[in-house]
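Just below is one structure, and these are the notes that go with it.
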Amino acid sequence: MTEDVEMKELPAPSNSATSSSPSTLNHLKEIASLIETGAYAREVRRIVRAVRLTMALRRKLKAQVLCAFLNFALSPGSEPHNRLAAHLPKEDEHEMEFDTATSVSQSPVKHPLPELEIYCYLLVLIYLIDQKKYSEAKACSSASVARLKNLNRRTVDVLASRLYFYYSLSYELTGDLAEIRGNLLALHRIATLRHDELGQETLLNLLLRNYLHYNLYDQAEKLRSKAPRFEAHSNQQFCRYLFYLGKIRTIQLEYTDAKESLLQAARKAPVAALGFRVQCNKWAIIVRLLLGEIPERTVFMQKGMENALRPYFELTNAVRIGDLELFKSVAEKFSTTFSSDRTHNLIVRLRHNVIRTGLRNISISYSRISLADVAKKLRLDTANPVADAESIVAKAIRDGAIDATIDHANGWMVSKETGDIYSTNEPQIAFNSRIAFCLNMHNDAVRALRFPPNSHKEKESAEKRRERQQQEQELAKHIAEEDDDEF
Amino acid sequence: MDPQLTEVSQLFERFKAACVREDVDTGSNLLSKLKVMLTGFRSLPPLFEDTPNAIHELTLARDIYEHAVLLSVKIGDQDAFERDFFQLKPYYTDASGRLPPSSQEYMILGLNLLRLLVQNRIAEFHTELELLSPTALENPCIKHAVELEQSFMEGAYNRVLSAKQTVPYKTYDYFMDLLAKTVRDEIAGCSEKAYDYLSISDARQTLLFSSDDELLQYINEEHPEWEIKNGVVIFQKAKESAPCKEIPSLQLINQTLSYARELERIV
């Protein structure tokens with residue numbers, strides 16, 4: 001109740017210039033009270049809600065508001081307050097003094113909860129990053145992480161994981177990611193000891209991001225395979241994990257697993273996370289090309305992604321046609337995009353797929369074609385195209401990509417006739433797998449049915465039952481009469 | 001530290017001389033002694049302490065390991081190569097900021113890539129490739145390995161074998177020989193499926209043997225199912241056409257019964 005009184009009195013003395021900030025300040029104070037109740041009741045849900053509400057306020061944060069909030073939450077002159085206020089820029093001394101004067105006179109001295117302190121750290125950090133003051137953000141985040149090491153409360157975990165994220169972000173934006181790798185590993189160890197699952201998840205993702213930033217796929221995979229796995233607590237962290245997993249699998253040439261992970265990540269990601277979904281889609285497209293399948297046009301036409309995916313669209317076109325020259329020109333044209341996406345090495349691997357597709361087209365269209373012509377059509381620009389073409393065709397036949405034989409003496413390739421597929425068991429097998437899938441889906445849906453919990457309580461009283469039976473009898477008689485009348 | 005350093009340097013000189021002389025036994029003995037002495041230095045990985053002689057010690061240790069790698073190639077010991085290379089790697093990655101670049105760095109990196117290719121560890125090959133900067137990729141040693149891998153994947157094996165002539169360094173020969181053997185097996189496998197028959201001279205050419213006898217010996221050892229008739233190698237015996245394919249009746253019955261059961265469940 002005292003808080004309400006304070007909130008009403010504070011807006012009155014403030015100047016007109018700060019008229020917008022009171023509402024933000026009020027929001028922040030509401031969030032602070034939410035955190036307090038959550039901490040006292042040990043309910044993590046409230047803290048999660050508090051964090052969500054903060055994210056909504058992100059744009060409206062200003063230095064004055066933050067100072068005022070700091071004065072409210074932490075008693076000014078106390079050590080945490082000084083530490084935090086040091087990070088904020090000293091704008092507009094007058095406003096601050098005015099606010100401090102009023103709030104000091106009215107707010108009682110309180111012991112700041114650790115949760116509140118960490119929350120203040122979080123606010124200041126978000127503000128600094130949004131203002132692009134990265135080196136200060138770095139200092140602030142290091143201080144907060146040092147503070148966190150001493151705290152061991154479950155209610156702080158949610159705020160802590162957010163802090164770790166911004167800690168890593170501030171270092172990444174200044175290009176110093178390698179420095180904090182040791183710290184992140186130590187924090188992950190601590191989180192595991194304390195059974196802080198959300199923290200573990202966040203830190204694992206941050207570590208993977210750290211390794212992948214420097215292309216250390218080997219170490220990333222070693223960490224990922226040894227780290228404890230459990231049910232995902234946060235959808236966003238799960239999406240990130242799937243994305244990093246997909247990337248690692250792609251580099252290790254396990255394309256099927258990679259495709260699954262990347263597509264899942266792209267699907268689960270929230271619609272607002274456009275940049276993330278674009279990245280997922282880029283990698284997913286390349287993995288599908290490497291697997292030999294061509295992604296449909298609708299993938300490239302998703303809302304907001306057309307421009308970003310344009311280079312990949314042209315690349316897919318080149319692979320689909322099977323034209324090496326076109327492929328080379330597209331790769332050169334967009335080489336800067338590809339290097340910034342770090343997909344350059346994967347594109348180089350695609351060359352092999354281009355040749356295969358071209359070869360498949362040729363083998364389907366011609367029943368017999370000389371190897372020199374094959375080399376010309378594939379536009380193999382090497383020293384000895386005919387011999388190259390011969391070996392390439394031989395390997396393709398061995399891998400089962402095309403159905404043909406080579407006649408070495410005459411130097412041509414003879415395609416085999418593809419038999420009538422309906423006379424084999426193939427359609428039956430395909431149908432069977434689809435039927436099984438539909439039936440499984442049906443069974444799962446039935447099992448997932450939920451009935452409203454009180455439906456079985458309504459029992460018919462004897463009266464109602466008699467009434468119902470009477471009605472049924474009348475109806476039956478009626479129908480019987482109607483039948484007779486029909487004649 | 002200084003007397004230790006001078007001792008190591010002297011031993012290192014003797015080791016280098018032994019390698020040049022192609023005296024592998026002395027070389028190996030000296031190498032083991034050198035490795036033991038290197039553990040005395042505190043500035044090396046994993047400690048990376050900052051002693052006054054740090055740069056000197058790091059450079060010395062790096063040179064020692066580079067020579068160890070080259071020695072293992074001479075002996076033909078791939079495990080020793082792997083061990084020494086892993087010990088050498090931190091010098092290239094973590095200490096690269098403090099030391100002047102080594103002249104043999106790219107050659108050894110290229111050798112490692114080639115080794116992974118020969119051992120068919122393609123996933124690790126690509127992982128290593130990711131770690132290289134774009135400038136490294138322009139280097140002829142590395143480019144050679146990358147193009148080799150591409151030709152191998154595409155199946156243009158003749159390019160692989162002709163690349164043997166264009167090795168940048170003589171030390172690559174060992175791995176190229178191993179690669180040639182792998183390639184030959186691959187070509188044999190492909191030819192089996194792709195050709196119905198090949199004349200002896202053509203077979204000899206594609207499999208890159210220098211004489212017919214070698215070819216016949218190879219066929220007898222590796223592929224006894226190939227027939228040799230009238231100067232022609234026949235790869236697949238004519239298969240008798242399967243008269244009537246069996247209908248997998250049991251499987252079909254099971255499937256249909258499961259459909260019936262599931263459909264009954266639908267209320």
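Here are some notes:
- Ascending count of other beta-carbon atoms within 10 Å, so fewest first, for A:Val446, A:Val271: A:Val271, A:Val446
- Size of charge dipole - region A:174-331 - debye, nearest 20, with Cβ of Lys, Arg +1 and Asp, Glu -1, no other charges: 180 debye
- Relative contact order for chain A, counting Cα pairs under 8 Å that sit 6 or more residues apart, in percent: 7 percent
- The helix-only estimate of mean residue ellipticity at 222 nm for chain A, built from DSSP H runs of length n ≥ 4 each weighted as -39500 (n - 2.57), is -23000 deg cm²/dmol after division by the residue total.
- Listed peptides A:62-74, A:400-412, A:243-255, B:188-200 by packing density, highest first (mean Cβ within 10 Å): A:62-74, A:243-255, B:188-200, A:400-412
- Placing +1 on each Lys and Arg Cβ and -1 on each Asp and Glu Cβ, with no other charges, gives the protein assembly as shown a dipole about its Cα centre of roughly 1500 debye.
- The residue among B:Phe86, B:Tyr65, B:Ile55 whose Cα reaches farthest toward the positive pole of the charge dipole of region B:52-99, with charges on the beta-carbon of Lys, Arg, Asp and Glu, is B:Ile55.
- A simple spin-label model places the labels of A:Lys226 and A:Arg310 4.6 nm from each other, with each point 7 Å out along Cα-to-Cβ.
- Test item: A:406-412 mean partner chain Cβ contacts at 10 Å: 4
- For chain B, a simple Cβ point-charge model (Lys and Arg +1, Asp and Glu -1, everything else neutral) yields a dipole of about 180 debye relative to the Cα centre.
- Among the GluC sites (Glu not before Pro) found in region A:272-358, those both in a DSSP coil and sparsely packed, with 14 or fewer other Cβ atoms within 10 Å of their Cβ, are A:Glu293, A:Glu296.
- Rounded, prolate or oblate (a/c below 1.5 giving rounded, otherwise prolate when a/b exceeds b/c) for chain A by Cα gyration tensor: oblate
- Residue among B:Val232, B:Val183, B:Val160 with the largest mean-square fluctuation in a Gaussian network model of chain B, springs linking Cα atoms under 10 Å: B:Val232
- When the trypsin sites (Lys or Arg not before Pro) in region A:177-206 are filtered for DSSP coil states and for at most 16 other beta-carbon atoms within 10 Å of their beta-carbon, the remaining sites are A:Arg194.
- Going from the residue with the fewest nearby Cβ atoms within 10 Å to the one with the most, A:Val158, A:Val319, A:Val44, B:Val267 rank B:Val267, A:Val44, A:Val319, A:Val158.
- Relative contact order (percent, whole number), chain B, Cα cutoff 8 Å, 6+ residue spacing: 10 percent
- When the Cα positions of B:Ala156, B:Thr166, B:Ala180 are compared along the charge dipole of region B:145-199, B:Thr166 comes out farthest toward the positive end, with charges on each C-beta of Lys, Arg, Asp and Glu.
- Cβ crowding within 10 Å, taken as a proxy for footprinting-reagent exposure, orders B:Asp25, A:Asp196 from fewest neighbours to most as B:Asp25, A:Asp196.
- Shape call, region A:315-458: gyration tensor on alpha carbons, a/c limit 1.5: oblate
- Look at the stretch B:147-156: the mean tally of other chain Cβ atoms within 10 Å of its residues' Cβ atoms is 6.
- Taking every residue in A:383-393 and counting other chain Cβ atoms within 10 Å of its Cβ, the average works out to 5.
- Placing unit charges on the Cβ atoms of the charged side chains and taking the dipole of chain A about its Cα centre, the candidate lying farthest along the positive direction among A:Asn26, A:Ala445, A:Asn150 is A:Asn150.
Read-outs throughout are calculated quantities, based only on the coordinates presented, and are distinct from any laboratory measurement. No experiment lies behind these values; they were computed from the predicted model shown. When we count neighbours, we look across all protein chains shown, and the Cβ atoms used for this are built from the backbone with ideal geometry, even at glycine.
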